[in-house]
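Reviewing the structure listed below.
The values are calculated or read from the model by the stated rules, or taken from the named source; none is laboratory data. These numbers were taken from a predicted model, which means no experiment stands behind them. In this analysis, Cβ positions are derived from the backbone assuming ideal geometry, glycine residues included, and neighbour counts consider all displayed protein chains. The accessibility values were calculated without ligands, DNA or RNA, using every heavy atom of the protein model including side chains. Shrake-Rupley method; radii C 1.70, N 1.55, O 1.52, S 1.80 Å.
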Amino acid sequence: MSENVPLVQTQSQDPDQGHDHDHEALTSPLLPHYQRASNSTSQLAIVGVNVCPIESLDYEIAENDFYKQDWRAREKIQNFQYIFMKWLLCFLIGCTVSVVGFCNNLAVENIAGVKFVITSNMMLTGRYEMAFLVFFLSNLVLALFAAIITTFISPAAAGSGIPEVKAYLNGVDAPGIISLRTLVVKIIGSISAVSSSLLVGKAGPMMHIGACIASLLGQGGSRRYGLTWKWIRFFKNDRDRRDLVTCGSAAGIAAAFRAPVGGVLFSLEEMASWLKGKMWTSGLLWRAFFTTAVVAIILRALIDVCLSGKCGLFGKGGLIMFDVYSANISYHMADVPPILLLGVVGGILGSLYNFLLDKVLRVYAIINKKSVTYKIFIACTISIFTSCLLFGLPWLASCQPCPLDSTEDCPTIGRSGNYKKFQCPPGHYNDLASLIFNTNDDAIRNLFSKNTDAEFQHSTMLIFFVTCFILSIISYGVVAPAGLFVPVIVTGASYGRFVGMLFSSHTNLNHGLFAVLGAASFLGGSMRMTVSLCVIILELTNNLLLLPMIMIVLLVSKTVADAFNGNIYDLIMKAKGFPYLEAHVEPYMRQLTVADVVTGPLQVCHGNEKVGNIVHILKTTNHQGFPVIDEPPHSESPVLYGLILRAHLITLLKKRVFLRTPVRIGADAFRHFSADEFAKKGLGNVDKIEDIKLTEEEMEMFLDLHPFTNASPYTVVETMSLAKASTLFREVGLRHLLVIPKRTTGSPVVGILTRHDFMPEHVLGLHPLLVNSKWKPLRIALPRFLKIF
C-alpha cells in the first residue's frame, strides 16, 4: 500500500452539511466490506481497531432565542455557580486521575513483581524450563486478557488513545472515544498489557483515561449505565466539555510521569490544536495548571505512603522510578559534538521508526478487519514472540563479575536492580538480563543511573536497542491499550548510552547522561515536540542542569526528522482516517475559492416549514445542519435567516408543538420549551428520527423554526479564498460554515462548508490537475518547512 494513501478515503456524503457529494469520500475505507449507501452514512474512521462513523463537534454556540433567553434569565448566583463548578470539576478530575494513575502503577508493580520473583526463584534452583513456562504462560494470559476485553467490550480503547483524543479536541466526534466503557477497559487493559512484558507504555493510556474522566464528569456521568449526577450537569455544550477534556489530558500526562508542568505544555503543544490560535485563554491555562498541581500533590502523598512499605510486594508506584539522576553536571565545548550527533541520529531513527510503525499499523488494520479471531491471534503471537526474546536473549550475554565498589547488592535476586543474576554463578551478573528481563520502568532506571559506566557491554546495548526498536513497533498494533512514550524512551536511552560508550574517551559526560539525551533525541525525532518534552524529561530526571543539552538534542532531532515525515500521532490519525485540520493550509488552497469546493444540491428549511417536509429531509439524509431561509410573503425577498441543527429539529418533532397555519409562534415557544431541551446530549443519548411516530394529520401541520434557529451563524462570501476560510473554520472551532453569494439575486445561500471540504484529499479529488501541477513540490515541502518553525 502506498505511503500517501490512507486506510480510509472520502465518502460521497458529509453528514455535517446540507448537501450531497458526487465524488468518492475522504473517510470511507478502501476495503469494500465497509462500503455503505451514500444517502445514510457518516464519514468513517478507524477508532481503536474498528471502523466507525464519525461526525464533527459543535464548538460554536447555537445562539438561538432560547440560548439568549437562558442567559438573560440567569441570576448572579447561577453565574457564580457555573464558574465555581468549572474549578470544582478540575479539582475532581485531578483527584480522580491521580488516584487512577497511582493504582495503575501499583497494580503493574505488584503483578510484574510476583511474576519475576517466581521466575527468579525457579532459576535459582536450576529449574530453567519451568521458569520459562511460568514466565511464558503468565505473559500470554495477561496479554490475552487485555486483548479479549478490548475486542469484545470496547475496541475504541485499543492503542494509546492520544490520536483519538487529539482528533476529538480538533473537533472530530467518534463513538466510544471517551465513554465509560472505554475508561474501564483502558484502565484494566493497560494494567494487563504492561504487566505482560509487552513493550508498551502506560503514558498514552493514562492521557486517554484523564480525557474520559473529564468528559464523564462534565456531562454529569453516564445515563446509559444509570450513573448520573444532576448537581454537576452544568456543561451542556461541546465547548465547555472540550475545555474539561483538555484539562483531563494534561492531568493524565502529569499522572503518568509526575510531571505537572509537562502535562500542561503537552496539552498545549500536541493535543489542543484549536488552542494554537487566539483561543488559548489564560483562564483555561490556569485551570489546566491547577488540575495538574492537584495531581502532583496527591501523587506525592500516595507515594510517601508506599515508601513506608504499605503497598504490597513492590508497591513504590512505578512513576518514581525515573527520579534517578541528580548528580552535578559539568560540560564543555568538547562535549557538544557528541550531543549534536545524538540529535542527528535521533532524528533519523525517529523518522525511520515512524515510517515502519505506520506500515505495520496498516498491515494490522487489514488483518484486523477479517475477524475477531485474527485480532486475538496477533496479540497472542506477539506475546509469545516477546516472551521468547526476553527470556532467551540474556543467555547470549556473558556473565560479568560484580564490581567491588557497587552501592547496591550484586547480584540482584528478584525483580529489580542493576545487577540481575539470571543464570550466572555467585558473584557475577548478567548485564543484558538487567535490562531486558525486567519491567520497562526498571530498565529506564538502570539506563539512566549514574556511576555505572562499566556495568554494560557494547554488545549488550546494541542487542537491547535492536530488540526494543523492533518490539515497540510490532507491539503497538495489538488489540490492547498500548502507549508509545515509554517504549520510545527505552529505545532512545539504549542507543544514547551506546553512543556514550563509543565517546567515553572523548567526553567527561557519563553514560547515564547520554542515555537521558538519547531518550530526548528519539522522542523529538518520533513525536516532534520540543517544549513539552523538554520539561517532561527535566521533571523525570529531577535535574535542571540538563536543560541546555536537552534543548539542543530536541531541536536538532526534530529538525532532521521533519525533513522526512510527520510526527507519529499525525501519521496514525491519517492512517485511521480522522479528518484532522492542520494548523497550516496547503499552498494551492490560496488559488481556490470556497465556491470551488462547495457542491450540491443543498437541503434547506423554510422559517415556517411543513412537518412532513422536515420528516422527509431527516429520513432521507444524514445531515447535521440545515440553512433556514425566509421567502415571500414572510420577507420581501429570499433571505438567509440562520442555521438549525438536526438534533433541534428532532426535539421539536418530539414535543409536537405544531401549527395548523404557517405563522410565527411568538412568545408561546418559551412556554412549551426550555433551554435544557436543546442542550448537548450526553454520550449514547442521541435521539433518532425513526423513533418518532406522527399521524397523517400532524404531517400536514407546520413548525415555526425561527425561535430555534441560530440566527448568527458564521458566513463567508463565495469569493473568499479556501485558505482563509480554512483558517477561520479551524481557529473558531466550527462545524458548519455557510457560503453566501456575492450578489443578492437568486438563492441567499450557496452551500455549507464542513471540515470534510477542507481535507486535501477532497480538494484534490475535485481538482485533480493540482496533483501534478507546479504546486506539487511546494505542497510537499512547505508544510514540513513550516513545522520546523
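Table for the structure above
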quantity	calculated
Matching residues in the stretch 699-732 - criterion: being surrounded by fewer than 22 Cβ atoms within 10 Å (Cβ to Cβ), touching a helix residue (DSSP H, G or I) at 6+ places or on another chain (Cβ under 6 Å) and of a type outside the set (A, V, I, L, M, F, W, C)	707, 718, 721
Elements of type strands (runs of 3 or more DSSP E) in the stretch 570-663, at least 3 residues being open to solvent by 20 Å² or more (accessible area, probe 1.4 Å), farther than 30 Å from residue 45 by Cα and not assigned by the TED database to the domain that holds residue 238	639-645
Enumeration of residues in the stretch 686-698 that are touching a residue at least 24 places away in the same chain (Cβ under 8 Å) and either surrounded by 18 or more Cβ atoms within 10 Å (Cβ to Cβ) or part of a helix (DSSP H, G or I) (or both)	689, 690, 698
Residues of the stretch 423-440 that turn out to be over 17 Å from residue 522 (Cα atoms) and either touching a residue at least 40 places away in the same chain (Cβ under 8 Å) or touching a helix residue (DSSP H, G or I) at 6+ places or on another chain (Cβ under 9 Å) (or both), as a count	12
Pairs with Cβ under 6 Å, 6+ apart, first in the stretch 636-664 and under 17 Å from residue 237 (Cβ atoms), second of a type in the set (D, E, K, R)	651/677
Every pair of residues 6+ apart whose Cβ atoms lie under 7 Å, when the first sits in the stretch 286-308 and is modelled with pLDDT under 85 while the second is part of a helix (DSSP H, G or I)	303/320
Out of 446, 430, sole residue that is of a type in the set (S, T, N, Q), on the phi < 0 side of the Ramachandran plot and touching a Pro at 6+ places or on another chain (Cβ under 8 Å)	430
Residue within the stretch 551-567 that is open to solvent by less than 20 Å² (accessible area, probe 1.4 Å), under 24 Å from residue 43 (Cα atoms) and of a type in the set (A, V, I, L, M, F, W, C) present	no
Failed item in (1) at pLDDT 85 or above; (2) touching a Gly at 6+ places or on another chain (Cβ under 9 Å); (3) within 20 Å of residue 496 (Cβ to Cβ), with residue 562 passing the rest	(3)
Single condition residue 505 does not satisfy, out of (1) under 28 Å from residue 332 (Cβ atoms); (2) in contact (Cβ under 8 Å) with a residue 40 or more places away in the chain	(2)
The stretch 174-193, residues that are within 18 Å of residue 247 (Cα to Cα) and not in a helix (DSSP H, G or I)	177, 178, 179
Residue match in the stretch 64-83 (condition: within 30 Å of residue 476 (Cβ to Cβ) and surrounded by 19 or more Cβ atoms within 10 Å (Cβ to Cβ))	no
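Results for (1) under 30 Å from residue 659 (Cα atoms); (2) small (Gly, Ala, Ser), shown as yes or no for each residue.
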site	(1), (2)
524	no, yes
529	no, no
537	no, no
550	no, no
555	no, no
567	no, no
578	no, no
607	yes, yes
